[in-house]
Amino acid sequence: MKTLIVKAQLVVFAAFMLMSIKAHAAAIAEWPGEFTGEKQGANGWWYLYSAGKEYMPSETGNQMDTNTDRYYSSAKTGSAIWYIGTMLPGLSGNPVLRWVSQSTVAVTIKGTIQNNNVNKNKDADGWTFFIMINGVEKWNKKIESDDAKSYPFEFNSELKSGDKIDFLLDRGANKWFDEAIVKIKIETKE
């Protein structure tokens, strides 16, 4: 009888441990932690530019054409994305960081955005940060040029293999002087 009780307790304990492991969220993408200057698409990340808050339907979009171990940039637009998490719009374009899902999965998309040009340049006019999935806007935040606060974002989404999450920094009216620090984590949903 004691053996049966001990076995039942072990089964209950094992089931509890299995549920605990399954309930824990696992990061499947993190930026800037996964930055690599090796090539476009590494770890699912693409470094792109856009003329506005436009959806770029192809997987590769408008690729930034210059890359090093520290940044990607576009000679055409002047926009750049740096390895430390900084996004800078250019004279004729906005930086777009894209992550492409490699599987069907329920995720939590979270992170922070912050102005990195507070009181550095009088010509900065602020910016708006957009998060879009397959071209559909899911979240945005307008940041004024003198706002130094960090703003969190977090929402859930069901992704299919090939779905595209775009993180776009829209420069607004002024074509220069705006700069954002962006941190992103995409986790399996708990």
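Only residues that are part of a loop (DSSP other than H, G, I, E, B) and at pLDDT 85 or above were counted in segment 33-46, giving 5.
Select from segment 174-185 the residues that are crowded, with 18+ Cβ neighbours inside 10 Å and assigned to a strand (DSSP E or B) and write down the one among them that is modelled with the lowest pLDDT. Step by step, filter segment 174-185, then rank; the result is ALA180. Taking the criterion of being more than 19 Å from LYS141 (Cα to Cα), loosely packed, with under 12 Cβ neighbours inside 10 Å and not basic (Lys, Arg), the only residue of segment 159-173 that qualifies is SER161. The set of residues from segment 95-124 being over 13 Å from the mean Cα position of the chain (by Cα) and within 21 Å of PRO152 (Cα to Cα) comprises ALA106, GLN114, ASN115, ASN116, ASN117, VAL118.
The condition of being modelled with pLDDT under 90 and outside any loop (DSSP other than H, G, I, E, B) holds for only one of TYR49, TYR55, that being TYR49.
Among the residues making up segment 64-95, a single one is assigned to a strand (DSSP E or B) and surrounded by fewer than 17 Cβ atoms within 10 Å (Cβ to Cβ): THR66. The residues of segment 96-144 that are touching a strand residue (DSSP E or B) at 6+ places or on another chain (Cβ under 7 Å), crowded, with 17+ Cβ neighbours inside 10 Å and in a loop (DSSP other than H, G, I, E, B), listed by number, are SER101, ASN116, GLY126. For beta carbons closer than 9 Å, sequence separation of 6+ or different chains, a first residue in segment 133-145 that is of a type in the set (Val, Ile, Thr) and a second that is part of a loop (DSSP other than H, G, I, E, B), the qualifying pairs are ILE133/ASP163; VAL136/TYR55; ILE143/GLY126; ILE143/LYS149; ILE143/ASP178.
Restricting attention to segment 152-184, the residues that are more than 14 Å from the chain's Cα centre (by Cα) and of a type in the set (Ser, Thr, Tyr) total 1.
The values are calculated or read from the model by the stated rules, or taken from the named source; none is laboratory data. Owing to the predicted nature of the structure, the values given are computational and were not obtained by experimental measurement. As a convention, Cβ positions derive from the backbone with ideal geometry for all residues, glycine included, and neighbour counts pool all protein chains shown.
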